Amino acid sequence: MTHKVELEIGGRTLTIETGKLAKQANGAVTVRYGDSMVISTVCAQTEPRRGFDFFPLTVEYREKSYSAGKIPGGFFKREARPSEKEILSARLIDRPIRPLFPKDFKGETQCINFIISHDQENDTDILALIGTAASLAISDVPFAHTVAGVRVGRIDGEFVINPTFSQLEECDINITIAGSADSIAMVEGGGKEIPEDQIIEALQFGHEHIKSIVAKIDELKSVCGKETFEYTPVTIDDALTSKVTEMLGGKLDEFNRIADKETRRDSKKALQTEILEALAEEFPDDEGDIKTIIHDLDSDSMRSMVLNEKKRIDGRNPEDIREITSDISFLPRAHGSAVFTRGQTQALVAVTLGTKIDEQRLDELEGESTKSYMLHYNFPPFCVGEARPIRGTSRREVGHGVLAERALLPVIPTEDGFPYTLRIVSDVLESNGSSSMASVCGGSLALMDAGVPIKSAVAGIAMGLIKKDDNVVILTDILGDEDHFGDMDFKVTGTTEGITAIQMDIKITGLDIATMQEALNRAKTARLHILDCMNSTIDRHRDDLSQWAPRIITIKINPSKIGEVIGPGGKMIRSIVEETGAKIDINDDGTVLIASVEAAAGLEAKARVEAIVEVPEVGKTYKGRVVRLTQYGAVVQMGPNMDGWLHISELEHRHVARVEDVLRMRDEVEVKVLSIESDGKVRLSRKALLTNDNPEGDSDRPERSDRGPRRDGNRGSRERSRN
């Protein structure tokens, strides 16, 4: 039997239906909004898998090409590895639902979302988030409470719920929010330097709509929800817990006061090895449980120190920021570079300037597009002192890179004023918390070093939270352990004017608006401090680009002339590129971008293009070459595609009997355009540029010294005609 609920939201109908598709899953729903549709499923095992000391939850978001009436590209013509959009959407769903599973539930759980219809107006990531929440709500999988999600935009000061793709282009705020009826659990998005109080208003606006969606999901659950299944909880023997606790004594409290990360980590690791060896005979099969006990007691120790003493594991107070240093122009050949270090977190960031040919081409369900600005984030194993295989870009690296990319986007100049393709690469060299925020700071410095005219510097800070009952401590500039053991990771980036990007994840069931507002206010104070530190290194972009960066010359031509510049089979444009060494890109609107490291090469290519497309103007003087001689005149080529007719009467002020008396093939000659006929024929004059020194006649005019004697054959032929 099918069941469905409907809700009018943002001027469109949101429909959630179950009982028709994927009935063998623990829970399955379809969500429709406009003509966009998603099927969301959840499957879970009741028994925990052996060897898992974590909750094995996987979330997948996969786009089907048929949903938009497309056939996949490539040789195999089928969907391949997840795109960046699919990875980001899966992370968007994972983050708000993961904390809501019971702590003792370790059954393998999988949430899969298929995009089965896409109207190219309504984004499907929000639908997949709602669908996953609904499928969990009606399933028999243990789950704390119902959640939902929305996207909030703002156009001309008015908030818009779930804006379409076209509306998003007009928005100065774009934030995705997930939460329950009582609190907010996840925030992801950004804005164009938005003040903190306006971000709070956007969150409150979105939360009101989340409540209405949660109510509809609960309505569906009341009709067809399943009884939660019984599962085998993961428990640890009390005797083992007591034994390990006794052996630890107060050593964890002692180690958590060691400021240096490596020393602290090595001390804990040695202690863990000692306990494992001591208990190996008595508890031979419980190594994983022993590690879990030590981990949980370590968490309790760190949290207790913060809550009770307001002291952190590196000795800082809750609001303190680690020491900051930064260098620019670190890489001699990069177009711009910076090394940003905050405590034991360090990012090497490089900026590369390219041309339009370097743009990233995207073929997504909502249509084809190009991307001329990108930021890539890399997290090699050595940055945390580990040795492990590098197996391609991880989901975490994709997510952190996009966050940093979004943070800098509002200050990046438009293509009209700065027609370069920009690629920023952040290689994290050390990490002890907030490496994505270090990438933002380093990226801002590297852009200025490269001479990119960004309008202001951007900095980022990660805020944390330790909460127990009513005791709440907000932490500024969190360490890796504070992120791991804490309850919140709240990243905020921005300029002196406002916020450019925001991302919040929590490990508790939700966060109230008042706590979020306090965290935002503290983040602003920290951001302004970091910006002061950055400005002491470089406070505005350099006036000139790097000597290694390409120079781009922009000219505009008539779109009808594009074919002439390209030439048959691209012959003409290839010859210009090969002979000058410049790169040339031509847009459909007639904009020509000419790039070269050496200025002379660009100017030469520019002159060649302009010569091809030049249209003759009446009264203008040109320097041309004689390409054809006739009895009555000559054809003069003034450019690759521009010829004109020079009549014999327009050669000189005197009477000219033969064209050859004045011109020869391949002679260079200056001419003036007299007129352009209706049929396009260009009439030229040479004599208009000559001074008339003998206006009365030319009988005394000397002959050309280079003309040579008359040929006898000509003379003989005239004599024969007289006879």
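What to note about this one:
- Set side by side, the residues Arg257, Arg264 differ, and just one is part of a helix (DSSP H, G or I) and not aliphatic (A, V, I, L, M), which is Arg264.
- Residue match in the stretch 50-58 (condition: of a type in the set (S, T, N, Q), at pLDDT 95 or above and surrounded by 19 or more Cβ atoms within 10 Å (Cβ to Cβ)): no
- Residue within the stretch 320-338 that is within 22 Å of Arg406 (Cβ to Cβ) and of a type in the set (Phe, Trp, Tyr) present: no
- Every residue from the stretch 555-584 that is touching an Asp or Glu at 6+ places or on another chain (Cβ under 9 Å) and within 30 Å of Gly443 (Cβ to Cβ): Ala582
- Of all residues making up the stretch 222-240, the number that are in contact (Cβ under 8 Å) with a residue 12 or more places away in the chain, part of a helix (DSSP H, G or I) and of a type in the set (Asp, Glu): 0
- Considered as a group, the residues in the stretch 379-406 that are among the aliphatic types (A, V, I, L, M) and at pLDDT 95 or above include one that is surrounded by the most Cβ atoms within 10 Å (Cβ to Cβ), and that residue is Ala404.
- The stretch 204-217, residues that are touching a Gly at 6+ places or on another chain (Cβ under 9 Å) and touching a residue at least 40 places away in the same chain (Cβ under 8 Å): Gly206, His207, His209, Ile210, Ile213, Val214
- Candidate set from the stretch 20-60 (those that are among the aromatic types (Phe, Trp, Tyr) and either assigned to a loop (DSSP other than H, G, I, E, B) or in contact with a His (Cβ under 8 Å, 6 or more places away or on another chain) (or both)); member that is nearest to Ala134 (Cα to Cα): Phe55
- Of the residues making up the stretch 668-687, just one is more than 55 Å from the chain's Cα centre (by Cα) and of a type in the set (Ser, Thr, Tyr), namely Ser685.
- Subset of the stretch 267-300 (residues that are within 20 Å of Leu479 (Cβ to Cβ) and either of a type outside the set (Asp, Glu) or in a loop (DSSP other than H, G, I, E, B) (or both)): Ser267, Lys268, Lys269, Leu271, Gln272, Ile294, His295, Leu297, Ser299
- Candidates Leu663, Leu684, Leu651, filtered to the one that is surrounded by 14 or more Cβ atoms within 10 Å (Cβ to Cβ), within 30 Å of Pro568 (Cα to Cα), at pLDDT 90 or above and outside the structural domain of Asn558 (by TED's automatic domain parsing): Leu684
- Residues in the stretch 350-378 that are buried (at least 16 other Cβ atoms within 10 Å of the Cβ) and under 30 Å from Ser117 (Cβ atoms): Glu359, Glu364, Leu365, Glu366, Met374.
- Among the residues of the stretch 628-643, those that are hydrophobic (A, V, I, L, M, F, W, C) and either modelled with pLDDT under 90 or within 14 Å of Val682 (Cβ to Cβ) (or both) comprise Ala634, Val635, Val636, Met638, Met642.
- Within the stretch 149-170, residues that are on the phi > 0 side of the Ramachandran plot and touching a residue at least 12 places away in the same chain (Cβ under 8 Å) sit with their Cβ atoms under 8 Å from residues that are part of a strand (DSSP E or B) and among the charged types (D, E, K, R), at 6+ positions apart or across chains, in these pairs: Asn162/Arg12; Asn162/Arg151.
- In the stretch 224-244, the qualifying residues are those that are over 43 Å from the mean Cα position of the chain (by Cα) and surrounded by 13 or more Cβ atoms within 10 Å (Cβ to Cβ), and the one that is farthest from Lys269 (Cα to Cα) is Thr232.
- The residue that is surrounded by the most Cβ atoms within 10 Å (Cβ to Cβ), among those in the stretch 407-448 that are closer than 23 Å to Met488 by Cβ and β-branched (Val, Ile, Thr), is Val440.
The values are calculated or read from the model by the stated rules, or taken from the named source; none is laboratory data. These figures come from a predicted structure and were not determined experimentally. Methodologically, a virtual Cβ is constructed for each residue, glycine included, from the backbone with ideal geometry; neighbour enumeration extends over all protein chains shown.
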